[in-house]
Amino acid sequence: MNVEMNVKLGLTASEKPGEIAMRMMAVLVATIAAMMAASPARAQTYDPAYPVCLQTYDINGGYISCSYTSMEQCRLSASGGAAQCIVNPYFAGAPGKRQGWRQAR
C-alpha cells in the first residue's frame, strides 16, 4: 500500500494493514475462547444432606438426584425406568450433637 492510503486509513508508518488484520484476528480468537470458557457452572451433583441417590439413564445422558432418605424410597422412584439407586459418596451423616474430646479435671 502506498503512503496516501495509510493516511486515509489513519495508520501510522509502523502499522501495516496486515498487522492490523492479525491483531483483529487475535482479539477475535481471544474473545471466542473467553466466551466458551465462561459457560454456566453446573450445580453440585451429590447433595450431602441425603444418603441415597437415584441415577437415571436416558438418551441425553441422564442425571443423578440425591434426595432420598432410604434405598426403599429410591427404589420406588426407580422402578419401571432406566435407573438405579446408589449410596451417596458425599453424605455428610445425620445431624446430631458434636462429639468432642474433653480433658477430665
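Descriptive notes on the structure:
- Amide hydrogen proximity for TYR68: with H placed 1.01 Å from N in the peptide plane, the residues at 5 or more positions away or on another chain lying under 5 Å are VAL52.
- Whole-Hz Karplus values for region 64-74 come out as 10, 10, 9, 8, 10, 9, 8, 5, 4, 4, 5 Hz, taken residue by residue from phi with 6.51 cos²θ - 1.76 cosθ + 1.60 and θ = phi - 60°; glycine and proline positions read x.
All of the numbers you see were taken from the coordinates with simple rules; none came from a lab. None of the values given here were measured: they were computed from a predicted structure.
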